[in-house]
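Q: Can you read through this structure? Questions will come right after.
The values are calculated or read from the model by the stated rules, or taken from the named source; none is laboratory data. In this text, all values refer to a predicted model and were calculated from it rather than measured experimentally. Methodologically, a virtual Cβ is constructed for each residue, glycine included, from the backbone with ideal geometry; neighbour enumeration extends over all protein chains shown.
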Amino acid sequence: MASNQTQNPDSKFPLAVEAPAPQTTLDLEDSQEFDYSKRSQWLRAAVLGANDGLVSTASLMMGVGAVKQDIKAMILTGFAGLVAGACSMAIGEFVSVYSQLDIELAQIKRDKKRAAAGVAEESAEDRESLPNPVQAAAASALAFSVGAMVPLLAASFIREYRVRIAAVVAAVSVALVVFGWLGAALGRAPVVRSSARVLVGGWLAMAVTFGLTKLIGSRGL
């Protein structure tokens, strides 16, 4: 270990001063930040699924609430939107990821034909990283259901019409901010901008659905 020798005038023996060890390449690599782009696939599915469930179910409930003040009609509409949306998300994600799986498997077969040597190890590693359609479908359906439960729970126990509408809007607004913040924090994106964008988008969807349904219902169509 490297050290510097200094002479103490009151002593016959030199004092050893240990020099600071240089930072190794391994330490530099450990200090680097995690690559958050690796989270893009599952983060996209989770955040978009939850936002879709939240906004679409709340908009459906607001639309029905614009023409019918009955709590039963509002809850049944929200529940139907939850089930239909979760199934749609699961089927869409399953088909999409399965298509991606077919493409990657075809590419592995082409690579296997081109290189005969060392292909077994490479193919095994590739197969471990292949997308899972069933897992992606389940994650999308679950995320959608979690988001859709927010307006349903907010409206389930409130009989008064105006209070129920206000409770749904308030609960959805809080959830939109939370989902926007969560997606931005996990992806290391600007938190305020992301949350505001998600919140304004959700408000716009609910307002348009409520307004158009109210307009059509008032005309007796």
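Q: Within the range 69-175, considering only helices (runs of 4 or more DSSP H) that don't extend past its boundaries, which have at least 3 residues that are modelled with pLDDT of 85 or more and small (Gly, Ala, Ser)?
A: Of the helices (runs of 4 or more DSSP H) lying wholly inside the range 69-175, those with at least 3 residues that are modelled with pLDDT of 85 or more and small (Gly, Ala, Ser) span 71-114, 133-156.
Q: Return the total of residues in the range 159-175 being β-branched (Val, Ile, Thr) and more than 20 Å from residue 211 (Cα to Cα).
A: Matching residues across the range 159-175 total 1.
Q: Among 28, 54, which is the only one that is modelled with pLDDT of 85 or more and under 29 Å from residue 186 (Cβ atoms)?
A: 54
Q: Separate question: Which pairs have Cβ atoms under 7 Å, sit 6 or more apart or on different chains, and link a residue in the range 77-99 that is over 12 Å from residue 58 (Cα atoms) to one that is modelled with pLDDT under 90 and outside any helix (DSSP H, G or I)?
A: Matching pairs, first to second residue: 97/131.
Q: Within the range 153-212, how many residues turn out to be surrounded by 14 or more Cβ atoms within 10 Å (Cβ to Cβ), over 19 Å from residue 69 (Cα atoms) and of a type in the set (Lys, Arg)?
A: 1
Q: Say whether the condition of being in a helix (DSSP H, G or I) and within 21 Å of residue 76 (Cβ to Cβ) is met by at least one residue in the range 184-200.
A: no
Q: Another question, if that's okay. Any residue in the range 181-196 that is under 13 Å from residue 51 (Cβ atoms) sitting within a Cβ distance under 8 Å of a residue that is outside any helix (DSSP H, G or I)? List the pairs, counting only those 6 or more apart or interchain.
A: 183/189; 184/190
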